[in-house]
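What follows is a short report on a single structure.
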Amino acid sequence: MKPIQMLRPQTSQRPRFTSLPPLGLYIHLPWCVRRCPYCDFNAHVAPDVLPEKEFLQALQHDLEAALPDIWGRNVQSVFFGGGTPSLFSADFIHQVLSMVRAYLPLVPMAEVTLEANPGASEAERFKAYGQAGVNRLSIGAQSFNDEVLQRIGRIHTAQEARAAIEAAQQAVERINIDLMVALPGQTVEDCLQGVQTAIATGATHLSIYQLMIEPNTVFAKYPPKLPSDEDSAAMHDGIIEAVTGAGFEHYEVSAFAKAQQYGTHNYNYWSFGDYLGIGPGAHSKISFPDKILRMVRLSNPQSWLQAAQAGQGKQIAQRYGVTAKEVPFEFMLNVLRLREGVPSEYFPTRTGLSSQLISKQVQQAIDKGLLCDRIDRLQATDLGWRFLTDLQTLFLPDENSSTSATGAIPTVRPRTE
């Protein structure tokens, strides 16, 4: 896609796009065998038999209802998130992808990612997923210590995680390994051993997250004993040293890749691209010639299924515009997570607004030593990346500014369920 040029400087603070950002498709499959005590994603315990036929029909209706918003736009990536998408059969995934290709123009060699949890039943399906059109598997290993896995409610073992990774590597071109750190009872030594195990698999992409106690989770109600701040800091420093020393680029706050094998779908989120989310609780950010809209689907699987099948967009729980006062923070919240930042032209081309809107905050960030003093790039300094929250909050709207229909700026995460 060619760089987007602004038609004219913005004086009304109303978005004006001459062409639109890249677009990804997110598909939420909401069921798990068991809900993890730390999880705040839209996940539900699976029924004995998944309603694949009915769910496929509902996804089709959901996508059909969204087509007017994205008609004619190429899709660069597809991401099956959850929940546990690998509970679904390979035939179901094949049918979903066939449906997607019938409605949307996927770019050649589009990245198609499916999240999978370790375990014999899932691993046996990996080859079939590859044959169905999946070319990237994201394996939720989380840890390679059985005791730690039990403490965080995971139902697989370390050996099953290693076997799943090996099976995934034989089935698809690319894999990602998810790891969590600063877990209950985890030592610095165990954390770094787990990272070394992940490196030794030969995977070319790692996503490493520190456990956060989120509201409305079991861990929020019954807080576990976590490593001290000192141990957590030692884990962080040790991880950076080990992973970068093994040839990975630390290209995003929680993401590491070899040979620039970035996750295309998530990179699009971080660079303020657009995404359509279908399925229960899925979020969307869609740009139009004169506005940016966010949408949220109904989160309960049965409610979403019934509403999607009924048609008329009833599966959408929220639909609201992002105001010009909110955009700078949303934009910076994402792009500054990237170690190299983004070209400066991304602000006007991916927000539809003039760069003058953020010139004051940019200069403040430069003066504080948090943002690189560059005309061509918006990039955190080493200090700014270390104190990223301080840098991002410089771009918060003024207290007197208006807010969207939700009353707050949505949290943007790699999975937009």
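Numbers for the structure displayed
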{"item": "No Cys partner within the rule (Cβ under 4.7 Å), the chain", "result": "CYS32, CYS191, CYS372"}
{"item": "Dipole-positive endmost among GLY194, PRO223, ALA66 within the range 23-269 (Cβ charges, Cα centre)", "result": "ALA66"}
{"item": "Rg(Cα)/(2.2 N^0.38 Å) for the chain, N = residue count", "result": "0.97"}
{"item": "Value of relative contact order over the chain, rounded to a whole percent, pairs C-alpha under 8 Å and six or more apart", "result": "19 percent"}
{"item": "Alpha carbon centroid spacing (whole Å) that separates the range 188-244 from the range 261-279", "result": "24 Å"}
{"item": "Charged-residue dipole, Cβ positions (Lys, Arg, Asp, Glu), the range 164-280 about Cα centre, Debye nearest 20", "result": "300 debye"}
{"item": "Using a Förster distance of 45 Å, the FRET efficiency for SER19-TYR222 (Cβ separation, nearest 0.05)", "result": "0.35"}
{"item": "Cubic angstrom per residue, convex hull over Cα atoms of the range 23-269", "result": "127 Å³"}
{"item": "Ellipsoid equivalent to the range 43-82 - semi-axes via the Cα gyration tensor, in Å", "result": "26, 13, 8"}
{"item": "Segments 361-374, 82-95 sorted - mean Cβ within 10 Å per residue, highest first", "result": "82-95, 361-374"}
{"item": "The range 9-126 - convex hull of alpha carbons, volume per residue in Å³", "result": "155 Å³"}
{"item": "Relative contact order for the range 102-154, counting Cα pairs under 8 Å that sit 6 or more residues apart, in percent", "result": "40 percent"}
{"item": "Kirkwood Rh in Å, taken over all unlike Cα pairs in the range 332-397", "result": "11.6 Å"}
{"item": "Trypsin sites (Lys or Arg not before Pro) restricted to the range 202-262 and DSSP loop, no more than 14 other C-beta within 10 Å", "result": "LYS225"}
{"item": "R0 of 25 Å, Cβ-Cβ distance TYR209-GLN150: FRET efficiency to nearest 0.05", "result": "0.85"}
{"item": "ASP48-ASP390 FRET efficiency (beta carbon distance; Förster radius 35 Å; 0.05 resolution)", "result": "0.10"}
{"item": "Exceeding the 28 Å Cα-Cα cut-off - candidates LYS285/LYS360; LYS258/LYS360; LYS221/LYS325; LYS53/LYS127", "result": "LYS258/LYS360; LYS221/LYS325"}
{"item": "Within the chain: Cβ-based charge dipole about Cα centre, in debye rounded to nearest 20 (Lys, Arg +1; Asp, Glu -1)", "result": "1280 debye"}
{"item": "Gap separating the Cα centres of the range 304-344 and the range 93-109, nearest whole Å", "result": "22 Å"}
{"item": "Cβ crowding within 10 Å averaged over residues, with 18-25, 186-193 ranked highest first", "result": "18-25, 186-193"}
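Each value in this text was obtained by applying a stated rule to the coordinates, not by laboratory testing. Bear in mind that the values here come from a model prediction, so they are computed numbers and not experimental data. Reconstructed Cβ throughout: ideal geometry from the backbone, glycine too, with neighbour counts over all protein chains shown.
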